[in-house]
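Data block below; observations after.
The values are calculated or read from the model by the stated rules, or taken from the named source; none is laboratory data. What you see is a predicted model; the values in this text were computed from it and never measured. Here Cβ is always computed from backbone atoms with ideal geometry, including for glycine, and neighbour counts include all displayed protein chains.
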Amino acid sequence: MTGEHEAGARSTWPALRVADWTATRDTLHMWMQIVGKIRLAHAPLLNHWWQVTSYVSPRGLTTSAIPCRSGVFDIEFDFVDHRLVVRASDGGVRTVALEPKPVADFYHETMQALRELGIPTKIQPSPNEVEEAIPFAEDYRHDTYDPNAVHLFWRQLLQADRVLGEFRSFYVGKVSPVHFFWGAMDLACTRFSGRAAPPHPGGAPNCGDWVMAEGYSRELSSCGFWPGGGEEGAFYAYAYPEPDGFADHPIAPREAFYSKDNGQFLLPYEAVRTADNPDRALVSFLQTTYEAAAVHGRWDRAALEDDPDRWAPQRPRHRRQQGQEG
């Protein structure tokens, strides 16, 4: 990679100091919990709570289509125009401005938008996985919204989602989508060995242990990005159950380390952002930490991994045949 191309690659990974947007992040976290709980109220259970997540979109984060009666609706955080957009399959649309406002106001406005669209919804009206669970309707403490910071956060997610998606493509066993969990506010992708796991002990604040039991019901290796920890957030990787030797497995890049306090490997976001080749630095972290789980957990890697380009030699010929037929 030339110096010019290296500089271009680095510039797509934006800098955003956690300390510079903590108040906004915490407000946004509560808003995301409200939207996530709306999806939870309507979508049927999928293994490991996959039905409650959001996904990185060209404008922000979207729930994708949510079933409701005989139709569907979706909700998108638009971090370009800074509005929450609720769209129903009957053509109805409502928006809620993303601007400095208390969680209580956002909650009432969002639920009112659903009522106007004929989407009756009842959610558990307080947050999960946070130490102090202020009911949404009573939360006037979190009221900060910096649109520039949120836009930068979305650009961080765009890059993380892209690389995690490529990493995911090498796995043909059971693997989650790259999706955003509103409980801990992290982007994640999880690979599974195919074996059952021991019951998870739980312990997340303001969250039933049974929730974690479902999330961790199968042996797994998970990785992702969290906008906390370190100066600019952190990439993480962990295994459940953690096999012997996992924490001591050699990993890359050199800035990565195992945190005993967190029970996982961490890689500061800024180490990726400032690397000569950010994509390569992150992929090395994802691959070596996965190998720590797969090697020490004795996963059947030959059955679980494959080259995503395995059909590449046939694809050009297939396109030529289509062209001739047309």
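Among the residues of the range 159-185, those identified as farther than 19 Å from Val211 by Cα and of a type in the set (A, V, I, L, M, F, W, C) are Ala160, Val163, Leu164, Phe167, Phe170, Val172, Val175, Val178.
Looking only at the range 90-104, how many residues end up being surrounded by fewer than 17 Cβ atoms within 10 Å (Cβ to Cβ) and either part of a loop (DSSP other than H, G, I, E, B) or out of contact with any strand residue (DSSP E or B) (no Cβ under 6 Å at 6 or more places or on another chain) (or both)? Before you say what the answer is, go through the steps one by one.
Here is the first cut: in the range 90-104, the residues surrounded by fewer than 17 Cβ atoms within 10 Å (Cβ to Cβ) are 90-93, 95, 97, 99-100.
Keeping just the survivors that are either part of a loop (DSSP other than H, G, I, E, B) or out of contact with any strand residue (DSSP E or B) (no Cβ under 6 Å at 6 or more places or on another chain) (or both) gives 90-92, 99-100.
So the answer is 5.
Consider Gly118 carefully, then state whether it is touching an Asp or Glu at 6+ places or on another chain (Cβ under 9 Å), crowded, with 18+ Cβ neighbours inside 10 Å, small (Gly, Ala, Ser) and part of a loop (DSSP other than H, G, I, E, B). Spelling it out, it is not the case that Gly118 is touching an Asp or Glu at 6+ places or on another chain (Cβ under 9 Å), crowded, with 18+ Cβ neighbours inside 10 Å, small (Gly, Ala, Ser) and part of a loop (DSSP other than H, G, I, E, B). If you take the residues of the range 228-251 that are buried (at least 16 other Cβ atoms within 10 Å of the Cβ) and under 14 Å from the mean Cα position of the chain (by Cα), which of them is nearest to His29 (Cα to Cα)? The selected residue is Gly233.
Annotation for the range 206-227: no member residue is surrounded by fewer than 22 Cβ atoms within 10 Å (Cβ to Cβ), at positive phi and free of Cβ contacts under 8 Å to residues at least 60 places away in the same chain. With respect to being surrounded by fewer than 18 Cβ atoms within 10 Å (Cβ to Cβ), in a loop (DSSP other than H, G, I, E, B) and without any contact (Cβ under 8 Å) to a residue 12 or more places away in the chain, Asp261 fits the description. Only a single item in (1) surrounded by 17 or more Cβ atoms within 10 Å (Cβ to Cβ); (2) over 23 Å from Tyr269 (Cα atoms); (3) not hydroxyl-bearing (Ser, Thr, Tyr) is not met by Gln159, and it is number (2).
Check Asp300 against each of (1) over 20 Å from Gly194 (Cα atoms); (2) surrounded by fewer than 20 Cβ atoms within 10 Å (Cβ to Cβ); (3) in the same structural domain as Phe246 (by TED's automatic domain parsing) and name the one condition it does not meet. Looking at each condition in turn, Asp300 falls short on (1).
State all residues of the range 1-14 that are surrounded by 15 or more Cβ atoms within 10 Å (Cβ to Cβ) and either polar (S, T, N, Q) or at pLDDT 95 or above (or both); if no residue qualifies, say none. Walk me through how you get there before you give the answer.
Of the range 1-14, the ones surrounded by 15 or more Cβ atoms within 10 Å (Cβ to Cβ) are 9-10, 13-14.
Those that are surrounded by 15 or more Cβ atoms within 10 Å (Cβ to Cβ) and either polar (S, T, N, Q) or at pLDDT 95 or above (or both): Trp13, Pro14.
Within the range 31-64, the set of residues being more than 24 Å from Asp81 (Cα to Cα) and in contact with an Asp or Glu (Cβ under 7 Å, 6 or more places away or on another chain) comprises His48, Trp49. Annotation: of all residues in the range 168-201 being under 30 Å from Asp20 (Cα atoms) and aromatic (Phe, Trp, Tyr), the one that is farthest from the chain's Cα centre (by Cα) is Trp182.
When you check Ala275 against the structure, is it surrounded by 20 or more Cβ atoms within 10 Å (Cβ to Cβ) and either assigned to a loop (DSSP other than H, G, I, E, B) or without any contact (Cβ under 8 Å) to a residue 40 or more places away in the chain (or both), yes or no? Before the answer, list the steps.
Details: surrounded by 20 or more Cβ atoms within 10 Å (Cβ to Cβ): no; either assigned to a loop (DSSP other than H, G, I, E, B) or without any contact (Cβ under 8 Å) to a residue 40 or more places away in the chain (or both): yes.
Considered against the rule, which asks whether it is surrounded by 20 or more Cβ atoms within 10 Å (Cβ to Cβ) and either assigned to a loop (DSSP other than H, G, I, E, B) or without any contact (Cβ under 8 Å) to a residue 40 or more places away in the chain (or both), Ala275 comes out as no.
Only one of the listed residues (Gly224, Gly194, Gly229) is closer than 22 Å to Leu157 by Cβ, assigned to a strand (DSSP E or B) and assigned by TED's automatic domain parsing to the domain that holds His296. That residue is Gly224.
So, Gly215, is that one within 22 Å of Gly183 (Cβ to Cβ) and either at pLDDT below 95 or not assigned by TED's automatic domain parsing to the domain that holds Arg162 (or both) or not?
Values: within 22 Å of Gly183 (Cβ to Cβ): yes; either at pLDDT below 95 or not assigned by TED's automatic domain parsing to the domain that holds Arg162 (or both): no.
No; evaluated as a whole, the condition is false for this residue.
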